[in-house]
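As structure tokens, the structure follows; a few thoughts come after it.
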Amino acid sequence: MRYDLVIFDNDGVLVDSEPISNRALAAYLTELGHPTTYEDSLRDYMGSAMHRVHDLVLARSGRRLPDDFDETFHRRVFEEFRRRLRPVPGVDGVLAGLAAAGVPYCVASSGSHERIRVTLTTTGLYDHFGEERIFSAQDVGRGKPAPDLFLHAAAAMGVPPGRCAVVEDSPLGVRAAVAAGMDVYGFTALTPAGELAEATALFSAPAELPLLLGHGPRDRHGRGHDEASTAI
């Protein structure tokens, strides 16, 4: 299937931010008296909006996080991003290939607009998008696994959900795409394949994406590799 819109998650799909962000989050929560390992953070918070952190901590401990928690966390993690953040290897070529093929794409992230801008600018990917193709959970109020963000992005881009493909690396993001009625391709670089089992197909490197999205080279029978097999 050739899609009319490809919706990319940001953290972990476009930019290699998840290790940096989740280590910073685990350290800060532990500092505040909520012991959290890096693995805990990946399991509980990867792909989610900040309100999920507040909700889970309150449910588990009965204590609210400080009023300035988000501000302090983002200040710390943005400093790390500006020093260390890199794009996911190969994703620049995927975006360039979609543009050359005339396939619309956008980014829809649980992160704030500020976070998305910082990460895309730091990694040199911002020019592939521009503000008109950047969507945040801030725009809809409910983050993943609710489908609201993906549905909002599709509506803003003028494409029916059934003609959209989502590229995700978190279980919450995959669940959101499925709930939105969209095909979803799960990136297994950081997340075990079993945790993304609801995805339409899985891939382990961005170079595999064009074939899955129906924009890769055709074989001698005129088929794309994704038409021959939808699983990896």
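Computed from the coordinates by the stated procedures, all read-outs in this text should not be read as laboratory data. Source: prediction; values computed, not measured. Because the Cβ atoms are built from the backbone with ideal geometry, glycine has one as well, and the counts that use them run over all protein chains shown.
A few remarks follow.
- Per-residue Cβ neighbour rank within 10 angstrom, fewest leading, 182, 46, 157: 157, 46, 182
- Neighbourhood net charge (14 Å Cβ-Cβ; Lys/Arg +1, Asp/Glu -1) for residue 92: -1
- Within the shell of other residues whose beta carbon sits under 13 angstrom from the beta carbon of residue 160, the net charge comes to -1, with Lys and Arg scored +1 and Asp and Glu -1.
- Each of (1) 56, 44, 29; (2) 61, 32, 29; (3) 47, 36, 36 is a candidate for Cα extents along the principal axes in Å; the one calculated from this structure is (2).
- Per-residue 3J(HN,Hα) values for region 197-213, derived from phi via the Karplus relation 6.51 cos²θ - 1.76 cosθ + 1.60 with θ = phi - 60°, read 4, 6, 5, 4, 7, 10, 8, 10, 8, x, 4, 7, 5, x, 5, 5, 7 Hz in sequence order (x marks Gly and Pro).
- About its Cα centre, the chain has a charge dipole of approximately 80 debye under the convention of +1 per Lys or Arg Cβ and -1 per Asp or Glu Cβ, with nothing else charged.
- For the chain, share of DSSP beta bridges that run antiparallel, in % to the nearest 5: 10
- Region 77-118 versus region 137-210: alpha-carbon centroid distance in Å: 15
- Between the helical axis of 148-157 and the longest alpha-carbon principal axis of the chain there is an angle of about 50 degrees.
- Segments 87-96, 146-155 sorted - mean Cβ within 10 Å per residue, highest first: 146-155, 87-96
- For residue 136, residues with placed amide H under 5 Å, excluding near neighbours: 109
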